[in-house]
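Notes for the one structure printed next.
The values are calculated or read from the model by the stated rules, or taken from the named source; none is laboratory data. These numbers were taken from a predicted model, which means no experiment stands behind them. Here Cβ is always computed from backbone atoms with ideal geometry, including for glycine, and neighbour counts include all displayed protein chains.
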Amino acid sequence: MLPTIGAVPLADSRQPGDAPRQPGDALRRAKGVLWPARGREVYESSRDWVEGPLSLVLSRTWWVRWRREESVPFRAEVLGDPIVHLTLEEVAGGESIHGVPTPAALVHGVVTKVFTVDLPRAGRVTGVGFHPGGLAALLDRDVADLTGRVVDATGIVGPAIADVARTATGLVDEADRQRILLDHLAELFEPVADRVAQDTTYRAVRRATDLMRSREQVSLGPIAEAVHLSPRTLQRAFTRYVGVSPLRVLRRFRLQDAAHAIDSGQAPDLATLATRLGWSDQAHFTREFTAVIGVSPARYRSGRVTP
């Protein structure tokens, strides 16, 4: 049974003629979700790439909706991409999430460790993910102050986003909710499109991040050289546009690879996995994995959530 908000059902976004949803489909789409099997009966999610002019700053649209048994708490944990998100969030009964009453429009800065939230009984979130540096380029502002924070979006993208959040509460179909959010962002983007397109530093940050994501380069020096910046200049650019250092972005992608390999059963030998992903040895891998995710790779593989 799909979750509801008040009397409004959270409708299935599939269209007539689509193939039936298979068990685990939502889990496969929810990139970066840790211990994905735990959420099988609690939530579903989907995401899609942004096309058209807005794709210069936006990477994806996404949604998640959930319902849990009232007596059974559920903690969602995500090792997400190093990007900023803008979300429309709604919780049954207007309860708070992230300390903010809903419905609400929120900006999520880059999370330096694992994004963790104790889910209220039922709710839904419709969001967009910016490219690394996309929000900074759109607003022509430093986003380092957003790192590790979830804040009211009205102070970042303007007060009109609150009206968008209120309008979205009356919409059942996720495509409609996404459409009004994208339409609003298009109004913000159109007057500054030329400036963003000519932002050479933003282009360098995007190119550097693409190199990191593709694993073409795994150290800062060659990446800086490839985008024609000095390592120091690239560091400053990432701090302003992304909110974290390029080294932290590199490490995030590598840890995502490690968690995915463990979740998909492709890591029977953790020492071999560490070497394959570029760690000098298993001890370094274990320390870095534990520092960010909170448990060791061995404990994560066993399915034990807490130390």
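Taking helices (runs of 4 or more DSSP H) as the structural unit, those lying wholly within segment 254-307 and holding at least 1 residues that are of a type in the set (Val, Ile, Thr) and free of Cβ contacts under 8 Å to residues at least 24 places away in the same chain correspond to 270-276, 282-293. Here the condition is being charged (D, E, K, R) and at pLDDT 95 or above; of Arg68, Arg60, it holds for Arg60 alone. Quick one: count up the residues across segment 169-198 that are touching a residue at least 24 places away in the same chain (Cβ under 8 Å) and either closer than 30 Å to Leu255 by Cα or of a type in the set (S, T, N, Q) (or both). Number satisfying all stated conditions: 2.
With under 25 Å from Gly148 (Cβ atoms) and modelled with pLDDT of 95 or more as the only criterion, which of Leu234, Leu220 stands out?
Details: Leu220 fails: modelled with pLDDT of 95 or more.
So the residue among Leu234, Leu220 that is under 25 Å from Gly148 (Cβ atoms) and modelled with pLDDT of 95 or more is Leu234.
Reported count of residues in segment 110-147, each being touching a Leu at 6+ places or on another chain (Cβ under 7 Å) and basic (Lys, Arg), is 1. Residues that are surrounded by fewer than 23 Cβ atoms within 10 Å (Cβ to Cβ) and among the polar types (S, T, N, Q) were ranked within segment 71-96; the one that is modelled with the lowest pLDDT is Ser71. Take the conditions (1) in contact with a helix residue (DSSP H, G or I) (Cβ under 6 Å, 6 or more places away or on another chain); (2) in contact (Cβ under 8 Å) with a residue 12 or more places away in the chain; (3) not aliphatic (A, V, I, L, M); Ser245 misses just one of them, which is (2). Taking the criterion of being surrounded by fewer than 17 Cβ atoms within 10 Å (Cβ to Cβ) and under 15 Å from Arg215 (Cβ atoms), the residues of segment 272-287 that qualify are Thr275, Arg276, Gly278.
Against the condition assigned by TED's automatic domain parsing to the domain that holds Asp152, loosely packed, with under 14 Cβ neighbours inside 10 Å and either modelled with pLDDT of 90 or more or not aromatic (Phe, Trp, Tyr) (or both), how does Gly99 come out, does it pass? Spelling it out, Gly99 is indeed assigned by TED's automatic domain parsing to the domain that holds Asp152, loosely packed, with under 14 Cβ neighbours inside 10 Å and either modelled with pLDDT of 90 or more or not aromatic (Phe, Trp, Tyr) (or both). Residues to consider are Ser245, Ser280; find the one that is at pLDDT below 90, within 30 Å of Ser296 (Cβ to Cβ) and among the hydroxyl-bearing types (Ser, Thr, Tyr). Result: Ser280 is the single residue among Ser245, Ser280 that is at pLDDT below 90, within 30 Å of Ser296 (Cβ to Cβ) and among the hydroxyl-bearing types (Ser, Thr, Tyr).
Would you kindly identify the strands (runs of 3 or more DSSP E) lying entirely within segment 49-164 that contain at least 3 residues that are closer than 30 Å to Arg236 by Cα? Steps first, answer last, please.
Values: elements: 58-67, 75-78, 85-91, 104-108, 115-118, 122-130, 150-152.
The strands (runs of 3 or more DSSP E) meeting that bar are 58-67, 85-91, 104-108, 122-130, 150-152.
Can you tell me which residues in segment 172-230 are among the hydroxyl-bearing types (Ser, Thr, Tyr) and either out of contact with any helix residue (DSSP H, G or I) (no Cβ under 8 Å at 6 or more places or on another chain) or part of a loop (DSSP other than H, G, I, E, B) (or both)?
Step one: of segment 172-230, the residues among the hydroxyl-bearing types (Ser, Thr, Tyr) are 200-202, 209, 214, 219, 230.
If the condition is that a residue be among the hydroxyl-bearing types (Ser, Thr, Tyr) and either out of contact with any helix residue (DSSP H, G or I) (no Cβ under 8 Å at 6 or more places or on another chain) or part of a loop (DSSP other than H, G, I, E, B) (or both), then Thr200, Ser214, Ser219, Ser230 are the ones that fit.
Only residues that are surrounded by fewer than 20 Cβ atoms within 10 Å (Cβ to Cβ), touching a Pro at 6+ places or on another chain (Cβ under 8 Å) and either not charged (D, E, K, R) or not assigned by TED's automatic domain parsing to the domain that holds Ser280 (or both) were counted across segment 221-252, and they come to 2.
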